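J.: Structure in structure tokens, see below.
The values are calculated or read from the model by the stated rules, or taken from the named source; none is laboratory data. Fair warning: this is a prediction, and the values are worked out from it, not measured in the lab. With ideal geometry, Cβ positions are generated from the backbone for all residues, glycine too; neighbour counts draw on all protein chains shown. The area values use the complete protein model at the heavy-atom level, side chains included, leaving out ligands, DNA and RNA. Shrake-Rupley method; radii C 1.70, N 1.55, O 1.52, S 1.80 Å.
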Amino acid sequence: MKIAFVGKGGSGKTTLSSLFIRHLATTGSPVIAVDADINQHLAAALGVDDDIAADLPAMGARLPLIKDYLRGSNPRIASADTMIKTTPPGEGSRLLRVRENNPVYDACARPVELDGGAVRLMVTGPFTEADLGVACYHSKTGAVELCLNHLVDGHDEYVVVDMTAGSDSFASGMFTRFDMTFLVAEPTRKGISVYRQYKEYARDFGVALKVVGNKVQGEDDLDFLRSEVGDDLLVTVGHSDWVRAMEKGRPPRFELLEEANRASLQALQAAADGTYASRDWERYSRQMVHFHLKNAQSWGNEKTGADLASQVDPGFVLRESVTATA
């Protein structure tokens with residue numbers, strides 16, 4: 001299951017995504033955690049030391065390797081240089097699976113030991129001084145989108161992505177790559193405004209969206225969220241001594257997380273798992289092609305010097321049963 005955490009900056013989405021990742025690790029399910037935010041804080045939230053976090057391999061810096069591997073023997077892709085972030089898989093492409101080992105994971109993923117087990121952590125990499133004034137952060141998150149386009153995952157497998165803040169997620173088609181999107185919203189007008197914007201943008205793409213109310217301090221906050229969000233409000237999270245200790249770098253054992261917050265995490269997993277029965281791989285593949293053709297026309301063809309529309313394999317549908325190229 002592919003799951004995104006979104007919300008305005010400072011809403012607590014990284015903290016909540018890290019709690020959810022810790023919770024999934026306790027279930028024994030395989031988990032890939034991806035930090036796709038311009039502010040790279042997921043590693044720290046998972047307890048990774050700062051010096052180790054600084055040395056994590058950046059997916060954005062390994063994009064040529066990712067492209068070359070995923071291209072496989074696909075005859076519609078003349079070279080890895082003609083691949084862009086939206087390039088869809090086709091016959092001959094290599095696919096990624098959550099449980100496997102492959103050169104992409106070898107280059108970009110690192111194991112993180114948690115109370116309940118281990119997860120694979122991948123990061124897009126920080127916005128560096130060399131990028132200032134000449135690069136867009138979405139060029140880095142393009143590596144994540146390309147991997148998601150080639151990822152085949154099952155019911156008891158999880159990919160959790162901490163997304164960029166606010167509506168920046170809509171700068172690419174990546175917002176359609178998830179089975180469930182959790183929008184973290186504070187009980188404030190600004191928090192709700194991001195929800196409304198996300199809801200409007202995602203409406204036409206069948207995006208499953210649920211709201212997680214964060215920093216909820218009482219009934220007034222809860223009533224506010226209920227009145228503004230309605231049935232999209234899934235759970236709320238209040239003050240947590242466990243989280244405060246984690247933010248100081250001294251997290252207790254995860255089993256000591258407050259019972260109410262553990263129940264909220266279980267509700268998030270149940271909501272994500274509940275989308276499995278309605279998975280529509282054909283729509284997923286159509287949307288992949290839709291955004292690829294848009295990107296090809298607007299900038300991709302000119303940048304690569306190729307007709308990127310010809311990369312689309314009209315008979316190919318990504319699904320769990322598809323066979324990957326060795």
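J.: Answer yes or no: is there a residue in region 15-23 that is farther than 20 Å from GLY213 by Cα and more than 15 Å from the chain's Cα centre (by Cα). Spell out how you get there, then give the answer.
T.: Pass one, region 15-23, residues farther than 20 Å from GLY213 by Cα: none.
For region 15-23, residues farther than 20 Å from GLY213 by Cα and more than 15 Å from the chain's Cα centre (by Cα): absent.
J.: Give the residues of region 227-249 that are part of a helix (DSSP H, G or I) and hydroxyl-bearing (Ser, Thr, Tyr), sorted by residue number. Break it down into steps so the answer makes sense when it comes.
T.: Of the residues in region 227-249, the ones part of a helix (DSSP H, G or I) are 227-232, 241-247.
Selection gives SER227 alone.
J.: Further question: Could you grab me the full set of residues in region 273-295 that are assigned to a loop (DSSP other than H, G, I, E, B) and either of a type outside the set (Val, Ile, Thr) or crowded, with 19+ Cβ neighbours inside 10 Å (or both)? It would help to see each step written out before you state the result.
T.: Step one: list which residues in region 273-295 are assigned to a loop (DSSP other than H, G, I, E, B), which gives 274-275, 279-280.
Matches in region 273-295: GLY274, ARG279, ASP280.
Residue-by-condition table, conditions (1) basic (Lys, Arg); (2) open to solvent by less than 70 Å² (accessible area, probe 1.4 Å); (3) farther than 18 Å from ARG177 by Cβ; (4) in contact with a Phe, Trp or Tyr (Cβ under 8 Å, 6 or more places away or on another chain):
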position	(1), (2), (3), (4)
VAL229	no, yes, yes, yes
HIS239	no, no, yes, no
ALA245	no, yes, yes, no
LEU256	no, no, yes, yes
GLN297	no, no, yes, no
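J.: Pick from region 13-44 the residues that are open to solvent by less than 20 Å² (accessible area, probe 1.4 Å) and small (Gly, Ala, Ser): which of them is nearest to VAL98 (Cα to Cα)?
T.: Per the stated criteria, the residue is ALA33.
J.: Here is a further query. Criterion first (within 30 Å of GLY116 (Cα to Cα), touching a strand residue (DSSP E or B) at 6+ places or on another chain (Cβ under 8 Å), assigned to a helix (DSSP H, G or I) and open to solvent by less than 40 Å² (accessible area, probe 1.4 Å)) does ALA202 satisfy it? First the steps, then the outcome.
T.: Working: within 30 Å of GLY116 (Cα to Cα): no; touching a strand residue (DSSP E or B) at 6+ places or on another chain (Cβ under 8 Å): yes; assigned to a helix (DSSP H, G or I): yes; open to solvent by less than 40 Å² (accessible area, probe 1.4 Å): yes.
Criteria not met by ALA202.
J.: Next question, about the same structure. Could you list, in sequence order, the residues of region 247-276 that are among the aliphatic types (A, V, I, L, M) and closer than 21 Å to ILE3 by Cα?
T.: First, the residues of region 247-276 that are among the aliphatic types (A, V, I, L, M): 256-257, 260, 263, 265, 267-268, 270-272.
Matches in region 247-276: ALA263, LEU265, ALA267, LEU268, ALA270, ALA271, ALA272.
J.: I would also like to ask the following. Kindly list the number of the only condition in (1) more than 19 Å from the chain's Cα centre (by Cα); (2) at pLDDT 95 or above that fails for ASP51.
T.: So the condition that ASP51 fails would be (2).
This table checks each residue for (1) among the hydroxyl-bearing types (Ser, Thr, Tyr); (2) at pLDDT below 95; (3) more than 21 Å from ALA43 (Cβ to Cβ).
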site	(1), (2), (3)
VAL123	no, no, no
GLU129	no, yes, no
VAL134	no, yes, yes
CYS147	no, no, no
HIS155	no, yes, yes
MET174	no, yes, no
PRO187	no, yes, yes
VAL194	no, yes, yes
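J.: Please count how many residues of region 273-323 are within 17 Å of LEU70 (Cβ to Cβ) and acidic (Asp, Glu).
T.: 1
J.: Condition first: within 19 Å of VAL152 (Cβ to Cβ) and touching a strand residue (DSSP E or B) at 6+ places or on another chain (Cβ under 8 Å). Now tell me which residues in region 47-77 satisfy that.
T.: MET59, LEU70 - these are the residues of region 47-77 that are within 19 Å of VAL152 (Cβ to Cβ) and touching a strand residue (DSSP E or B) at 6+ places or on another chain (Cβ under 8 Å).
J.: Follow-up. Report, by residue number, each residue of region 305-326 that is open to solvent by 40 Å² or more (accessible area, probe 1.4 Å) and assigned to a helix (DSSP H, G or I).
T.: Across region 305-326, the qualifying residues are ALA309, SER310.
J.: Which residues, counting only those in region 136-145, are at pLDDT 75 or above and over 14 Å from ILE32 (Cβ atoms)?
T.: Taking region 136-145 as the starting set, the residues that turn out to be at pLDDT 75 or above are 141-145.
Scanning region 136-145 gives THR141, GLY142, GLU145.
J.: Quick check on my filter: what residues within region 1-46 are within 20 Å of VAL152 (Cα to Cα) and hydrophobic (A, V, I, L, M, F, W, C)? Walk me through how you get there before you give the answer.
T.: Let us first name the residues in region 1-46 that are within 20 Å of VAL152 (Cα to Cα), namely 1-5, 21, 24-25, 28-36.
Within region 1-46, MET1, ILE3, ALA4, PHE5, ILE21, LEU24, ALA25, VAL31, ILE32, ALA33, VAL34, ALA36 qualify.
J.: Looking at GLY218, GLY206, GLY191 in this structure, which one is more than 30 Å from TRP281 (Cα to Cα) and either of a type in the set (Phe, Trp, Tyr) or under 21 Å from the mean Cα position of the chain (by Cα) (or both)? Even if it seems obvious, please write down each step before you answer.
T.: Numbers: GLY218 fails: either of a type in the set (Phe, Trp, Tyr) or under 21 Å from the mean Cα position of the chain (by Cα) (or both); GLY206 fails: more than 30 Å from TRP281 (Cα to Cα).
Residue meeting the stated conditions: GLY191.
J.: One residue is enough: does region 213-222 have a residue meeting the conditions open to solvent by less than 60 Å² (accessible area, probe 1.4 Å), in a helix (DSSP H, G or I) and touching a Pro at 6+ places or on another chain (Cβ under 9 Å)? Before the answer, list the steps.
T.: Within region 213-222, the subset open to solvent by less than 60 Å² (accessible area, probe 1.4 Å) is 213-214, 216, 218, 221-222.
The next check asks that each one be in a helix (DSSP H, G or I); those that pass are 221-222.
Applying the additional criterion that residues be touching a Pro at 6+ places or on another chain (Cβ under 9 Å) yields 221-222.
Yes, the conditions are met somewhere in region 213-222.
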